[in-house]
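S.K.: I'd like to ask you about the structure that follows.
Quick note: the coordinates plus some simple rules give every number you see, no bench work behind them. Source: prediction; values computed, not measured. All Cβ positions, glycine included, derive from the backbone under ideal geometry; neighbour counts span all protein chains shown.
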Amino acid sequence: MRGLEDGPEPGRLPILREASRLWTAVFFSVSQQTSEDWFLVSGALAHPSSKDAKRTAFNLKLMADAIDRNDVDDVGRWLSALRNAHAPARLERFLACTRPKRPVPVEQAGSWLDLMRSNQEWGILNLGSIQGYLEDAVREMDELNPDLQPYGLTAAWRIFDISAGYEIAERCLRGSMSSRTSTSWITSRR
């Protein structure tokens, strides 16, 4: 955040390089949906589109490469590109969501309908719901199915009518999986 706010200060370049490499991996995993917590991280970053997340990851990588070359002018250009791509607002939101003393308030109206997949057995899907936090739903699945953990959140929707949410999701998922007989269907968390 300091680099985005103040520009490329020579004393901070090593820290900026490490932060850039870390955030490159974060934005890339959001763009590719590759980590088990990509959806939660994406939410903390205000759900960038896959294309925006990939572009941000690419810009961060190029900035880290410019720091490796000691090209301060190039670092300044990449910081400017990141500012124009709303990176400061996304990072500030992420920090606000993850700071223990001042988290962004979460609206608790309604429930979450979530779709999870076991990282151990990709053929098993779980459609469930929770009143509270999605993190608790993932933890609950890991506890209920220790042989198949860790579970990853594939998708989640804020809903107000739980039975209608299940009906719509099950109909859509059954229709998309009708030709795939190897996928199991679990709805144990209803």
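S.K.: HN-Hα J couplings of segment 76-85 from phi, Karplus 6.51/-1.76/1.60, θ = phi - 60°, integer Hz, Gly and Pro as x?
M.R.: x, 5, 5, 4, 5, 4, 5, 4, 5, 8
S.K.: Check Tyr151: other-chain or 5+ apart residues with amide H under 5 Å from its amide H, H built from backbone geometry?
M.R.: Asn119, Asp142
S.K.: State the Cα centre-to-centre distance between segment 14-46 and segment 131-170 in whole Å.
M.R.: Value for the Cα centre distance between the two parts: 22 Å.
S.K.: With r as the distance between the Cβ atoms of Leu95 and Lys54 and R0 = 22 Å, compute the FRET efficiency 1/(1 + (r/R0)^6) and round to 0.05.
M.R.: After rounding, the FRET efficiency stands at 0.50.
S.K.: Taking a temperature of 37 °C and a viscosity of 0.692 mPa s, what whole-number D in µm²/s does Stokes-Einstein yield for segment 1-152 with Rh from Kirkwood over alpha carbon pairs?
M.R.: Working: Rh = 17.1 Å.
This corresponds to a translational diffusion coefficient of 192 µm²/s.
S.K.: Which loop-located GluC sites (Glu not before Pro) does segment 109-155 contain, where loop means any DSSP state but H, G, I, E or B and the Cβ has at most 14 other Cβ atoms within 10 Å? Please list the in-between numbers first.
M.R.: Numbers: sites: Glu121, Glu135, Glu140, Glu143; in loops: Glu121.
Of the GluC sites (Glu not before Pro), the ones in loops of segment 109-155 whose Cβ has at most 14 other Cβ atoms within 10 Å are Glu121.
S.K.: Give me the number: length gained by fully extending Gln131 to Asp65, i.e. 0.36 nm times residue separation minus the C-alpha to C-alpha distance, one decimal in nm.
M.R.: Gain on extension, Gln131 to Asp65, equals 19.4 nm.
S.K.: According to a simple spin-label model (label point 7 Å from Cα along Cα-to-Cβ), what is the distance in nm between Cys172 and Asp147?
M.R.: So the label points at Asp147 and Cys172 sit 3.1 nm apart.
S.K.: If you take every residue apart from Leu148 with its C-beta less than 12 Å away from the C-beta of Leu148, what net charge results, scoring Lys and Arg +1 and Asp and Glu -1?
M.R.: Combined, the nearby Lys, Arg, Asp and Glu give -3.
S.K.: In a shell of Cβ-Cβ distance under 12 Å around Gln120, excluding Gln120 itself, what net charge do Lys and Arg (+1) and Asp and Glu (-1) give?
M.R.: Values: positive: Arg117; negative: Glu36, Glu121, Asp142, Asp147.
After counting each charged neighbour, the total is -3.
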